[in-house]
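Encoded as structure tokens, the structure appears first; notes follow it.
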Amino acid sequence: MEAVRLHGVGDLRHETVTAPAAPERDEVTLAVSVAGICGSDLHNYRTGAWISRAPSVAGHEFTGSVTALGEGVSHVAIGDRVIVDSRWTCGTCQACRNGVRQVCTNLGFLGEVIDGGFAEQVTLPARNVIKAPAGVADRYLAMAEPLAVALHALNLMDMPKGAEIVVAGCGPIGGLITLLATRAGHPVKILDRDNARTALVAEATRAEVTSFEALSDHYYRHAIDTTGSPM
């Protein structure tokens, strides 16, 4: 099968590789239909920050259809389209046993600890897949992970109904936060150094484009920074 594998810093290769092994107990195999490129994929390619094994098939934002089931898997069936959880958890540490896998002692990610979605097929733990709702296009299902990040950020904000919010950064996370916030009835002001991205998010969400200078003369209680920049 064809795959994109990370061999080291700056060394990403399109290769023909052996298809993944048949799923073992509590595993599934997927035929990948859509895979997105996350900012962390780019960072890992440029810096090697999370290279724990190489070569490895990159990619953790993807979707596909179940082609094979390991023993003990009952929540999905062959042919099901699925949403993929990007986190790899061990399932055996105290945190996992207590139902808080997000703080797994051995937490890692698909495309790092095990091969990810930049391939025609992938075998992964069945706990990482959820049957997708009918009628949602695969290109949207592949965005489930960044959408979950946006939802979590807004839930943590716990803003009063109709509260104004400022979102700095109009990449995928900032754009999704803005989309969710405006749909929930919050007035949103957005800013980004990339005017094209700002215009796209404004058009899609009806948020108001602003600037650092325009913000300096007013107090804003609620703001989210999605730029990751210290400046």
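The values are calculated or read from the model by the stated rules, or taken from the named source; none is laboratory data. In this text, all values refer to a predicted model and were calculated from it rather than measured experimentally. Cβ sites come from the backbone with ideal geometry, for glycine too, and all protein chains shown count toward neighbours.
Tell me yes or no: at least one residue of the stretch 119-126 is within 17 Å of the chain's Cα centre (by Cα), surrounded by 20 or more Cβ atoms within 10 Å (Cβ to Cβ) and assigned to a loop (DSSP other than H, G, I, E, B).
no
State yes or no: is Thr178 closer than 25 Å to Asn44 by Cα and crowded, with 19+ Cβ neighbours inside 10 Å?
When the stated conditions are applied, Thr178 does not pass them.
Based on what the data block shows, is Ile114 in the same structural domain as Cys90 (by TED's automatic domain parsing) and touching a residue at least 24 places away in the same chain (Cβ under 8 Å)?
For Ile114, the condition - in the same structural domain as Cys90 (by TED's automatic domain parsing) and touching a residue at least 24 places away in the same chain (Cβ under 8 Å) - is met.
So which of Glu213, Glu164, Glu145 ends up being over 28 Å from Asp85 (Cβ atoms), out of contact with any Leu (no Cβ under 7 Å at 6 or more places or on another chain) and touching a residue at least 12 places away in the same chain (Cβ under 8 Å)?
Going through Glu213, Glu164, Glu145 in turn, just one is over 28 Å from Asp85 (Cβ atoms), out of contact with any Leu (no Cβ under 7 Å at 6 or more places or on another chain) and touching a residue at least 12 places away in the same chain (Cβ under 8 Å): Glu164.
If the Cβ limit is 9 Å and pairs must be 6+ apart or interchain, which residue in the stretch 21-50 that is free of Cβ contacts under 8 Å to residues at least 24 places away in the same chain and part of a loop (DSSP other than H, G, I, E, B) pairs with which residue that is surrounded by fewer than 16 Cβ atoms within 10 Å (Cβ to Cβ) and not charged (D, E, K, R)?
Ala49/His43
Out of (1) more than 23 Å from Cys38 (Cα to Cα); (2) small (Gly, Ala, Ser); (3) at pLDDT below 95, the odd one out for Ala207 is which?
Going through (1) more than 23 Å from Cys38 (Cα to Cα); (2) small (Gly, Ala, Ser); (3) at pLDDT below 95 one by one, Ala207 breaks only (3).
Looking for whichever is at pLDDT 95 or above and surrounded by 14 or more Cβ atoms within 10 Å (Cβ to Cβ) here; the options are Arg25, Arg5. Which one fits?
That would be Arg5, the only listed residue that is at pLDDT 95 or above and surrounded by 14 or more Cβ atoms within 10 Å (Cβ to Cβ).
Report yes if Val188 is within 21 Å of Ile37 (Cβ to Cβ) and either hydroxyl-bearing (Ser, Thr, Tyr) or touching a residue at least 12 places away in the same chain (Cβ under 8 Å) (or both), otherwise no.
Considered against the rule, which asks whether it is within 21 Å of Ile37 (Cβ to Cβ) and either hydroxyl-bearing (Ser, Thr, Tyr) or touching a residue at least 12 places away in the same chain (Cβ under 8 Å) (or both), Val188 comes out as no.
Condition first: under 19 Å from the mean Cα position of the chain (by Cα) and of a type in the set (Gly, Ala, Ser). Now tell me which residues in the stretch 82-110 satisfy that.
Correct list: Ser86, Gly108.
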